[in-house]
Amino acid sequence: METEALKEKILEKIPDAIEGTSGEWLQMELLPHQWPDAAQWLRDEKDLYFDFLFCLTCIDWLKHLTMVYHVTSTKYRHNLVIKVNLDREKPEIGSVAGIWRTADFHEREVYEMYGVQFIGHPDLRKLILPDDWEGYPMRKDYDDPVNMIKL
């Protein structure tokens, strides 16, 4: 599906989605409460069939966090980037680990490094850091007492 047709199909289903302005692939910005249902639809809709989540990450903008999801259709070979802005003080979003299995560890990593709570995740716990670790090391305001480099 061409980018313009893909955008129109998404806007039919989610009229208040906002189109991104940069990048090689179509980018759409959604609200946090829209994401779980939209993810299910993106995977299940026969003309879209976004069956593979290949990247999930978070960006700290200091004033808010942005979740970034890259999905592709292995059948149709089209790609999509979804962005969702979260409240930095209480970052929460629905888990998509039940939709795309690859989200399981990615969500756990973002939980550990940025503090995002993935509602409905089947096993939200740390992957890398010790259980008693305090703070979120990938946040821009994280103060690392060992590493003295300040950006």
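What follows is calculated from the coordinates using simple rules that are stated; it is not laboratory data. For clarity, every value in this text was computed on a predicted model and none was experimentally measured. FYI the Cβ positions are ideal-geometry reconstructions off the backbone, even for glycines, and counts take in every protein chain you see.
With the cut-off at 18 Å, report for the chain the share of all Cα pairs above it, as a whole percent.
In whole percent, the share of Cα-Cα pairs in the chain beyond 18 Å is 58.
Which whole-number percent gives the relative contact order of the chain, counting Cα pairs below 8 Å spaced six or more residues apart? Walk me through the intermediate numbers first.
Details: 253 pairs, mean separation 27.1, N = 151.
RCO, the chain: 18 percent.
Scan around residue 20 for amide H atoms under 5 Å from its own, H built in the peptide plane at 1.01 Å from N, and keep only partners 5 or more places away or cross-chain.
Counting only residues 5 or more places away or on other chains, the set is 27, 28, 29.
For the pair residue 37 and residue 105, how long in nm is the line joining their label points, each one 7 Å along Cα→Cβ?
Here the modelled spin labels are 3.3 nm apart.
Check the chain and count each lysine pair with an alpha-carbon distance under 30 angstrom, considering only pairs eight or more places apart or from different chains.
29
Would you please give the residues with an amide H less than 5 Å from that of residue 139, counting only those at least 5 places away or on a separate chain, with H modeled from the backbone geometry?
Under 5 Å from the amide H of residue 139 lies no amide H from a residue far enough along the sequence or on another chain.
About the Cα centre, and with charges only on the beta carbon of Lys, Arg (+1) and Asp, Glu (-1), how big is the dipole of the stretch 48-101? Nearest 20 debye, please.
Approximately 200 debye in magnitude.
In debye, nearest 20: dipole of the stretch 3-119 around its Cα centre with unit charges on the Cβ of K, R (+) and D, E (-)?
Value, rounded to 20: 180 debye.
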